[in-house]
Amino acid sequence: MFDDVAEGYDRTNAFLSAGNSALWRIVTVRQLAPAPGMRILDLAAGTGTSSVPLARAGAEVVAADFSPGMLDVGRRKHAALTNLSFVQADATALPFDDNSFDAVTISFGLRNVVEPKKALAEMFRVTKPGGRIVITEFSTPPHPLMRMVYRTYLTRVMPLMSIVTSTNSAAYTYLADSIEDWPNQQKLAKDIHAVGFRKVAYRNLTGGIVALHRGTKPSA
């Protein structure tokens with residue numbers, strides 16, 4: 001499915017999010033605070049749109065994704081960035097050594113993993129002691145009216161819009177279903193803490209449509 005939508009993926013996301021995807025990306029980058037000398041793993045990186053600003057800040061970035069189609073588009077688009085590499089990887093069995101990265105991030109991808117708790121454990125394993133995790137994901141708006149409006153958009157408006165903007169509109173029906181099935185902010189925070197991360201907290205974005213979770217791997 002993701003191979004099928006790879007070519008127009010970034011354009012469709014920008015349209016369906018009314019431009020908010022760029023704002024969510026800015027907040028994520030600020031939370032990661034990339035700098036020269038850092039090594040960052042960007043999981044479910046797709047075509048590398050979320051990885052590029054990290055690399056441009058001077059960090060060494062590994063963009064990992066399960067979809068070879070997405071990675072092929074990313075390699076073609078961002079070949080000029082020598083500190084950005086693309087690796088095909090399963091988030092539940094990462095091909096990296098323990099304690100390999102200063103920070104690990106995943107944006108709008110943990111929801112697509114069959115075993116997200118296993119992926120969180122792998123993210124903990126490859127993060128260096130003292131390193132950070134940043135997860136940006138669709139979530140549950142806390143206000144009832146916002147929840148109602150958001151659900152209407154997901155189930156009725158977005159599928160119609162995706163027919164015009166995407167090469168595979170069925171993929172965006174899946175998107176709506178996966179968001180509705182995803183745990184809320186508090187539950188995800190508990191799952192992150194359960195695998196070993198500490199100082200776990202979250203911040204709602206766009207009224208809770210999206211939540212940014214963060215945590216730190218203990219130094220000792």
| query | Within region 207-220, can you find the residues that are surrounded by fewer than 17 Cβ atoms within 10 Å (Cβ to Cβ) and at positive phi? | reply | Gly207
| field | The lone exception for Asp65 - which of (1) buried (at least 17 other Cβ atoms within 10 Å of the Cβ); (2) out of contact with any Leu (no Cβ under 9 Å at 6 or more places or on another chain); (3) not small (Gly, Ala, Ser) it fails | value | (2)
| query | Taking Gly46, is it more than 18 Å from the chain's Cα centre (by Cα) and part of a loop (DSSP other than H, G, I, E, B)? | reply | no
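Scan region 30-51 residue by residue and report those that are of a type in the set (Gly, Ala, Ser) and either modelled with pLDDT under 95 or surrounded by 17 or more Cβ atoms within 10 Å (Cβ to Cβ) (or both).
Scanning region 30-51 gives Ala44, Ala45, Gly46, Gly48, Ser50, Ser51.
Each row is one residue, and each column tells you yes or no for (1) at pLDDT below 95; (2) in contact with a Pro (Cβ under 7 Å, 6 or more places away or on another chain); (3) within 14 Å of Ser107 (Cβ to Cβ); (4) in a strand (DSSP E or B).
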| residue | (1), (2), (3), (4) |
| --- | --- |
| Asn13 | yes, no, yes, no |
| Ser21 | yes, no, yes, no |
| Thr28 | no, no, yes, no |
| Pro53 | no, no, yes, no |
| Phe86 | no, no, no, yes |
| task | Kindly indicate which of Asp102, Asp72, Asp90 is under 22 Å from Lys199 (Cβ atoms) and of a type outside the set (A, V, I, L, M). | result | Asp102
| note | The helices (runs of 4 or more DSSP H) lying wholly within region 91-166 that contain at least 1 residues that are under 25 Å from Thr216 (Cα atoms) and either modelled with pLDDT of 95 or more or out of contact with any His (no Cβ under 6 Å at 6 or more places or on another chain) (or both) are 116-126
| message | So the check is Cβ under 8 Å with 6+ separation or different chains; which pairs have a first residue in region 83-105 that's surrounded by 16 or more Cβ atoms within 10 Å (Cβ to Cβ) and a second one that's of a type in the set (Val, Ile, Thr) and part of a loop (DSSP other than H, G, I, E, B)? | response | Ala91/Val113; Thr92/Val113; Thr92/Val114
| said: Any residue that is modelled with pLDDT under 95 and of a type in the set (D, E, K, R) - is there at least one of those in region 184-206? | reply: no
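The values are calculated or read from the model by the stated rules, or taken from the named source; none is laboratory data. Predicted model, so just to flag it, every value in this text is computed and none were measured. No Cβ is skipped: glycine too gets one built from the backbone with ideal geometry, and neighbour counts run over all protein chains shown.
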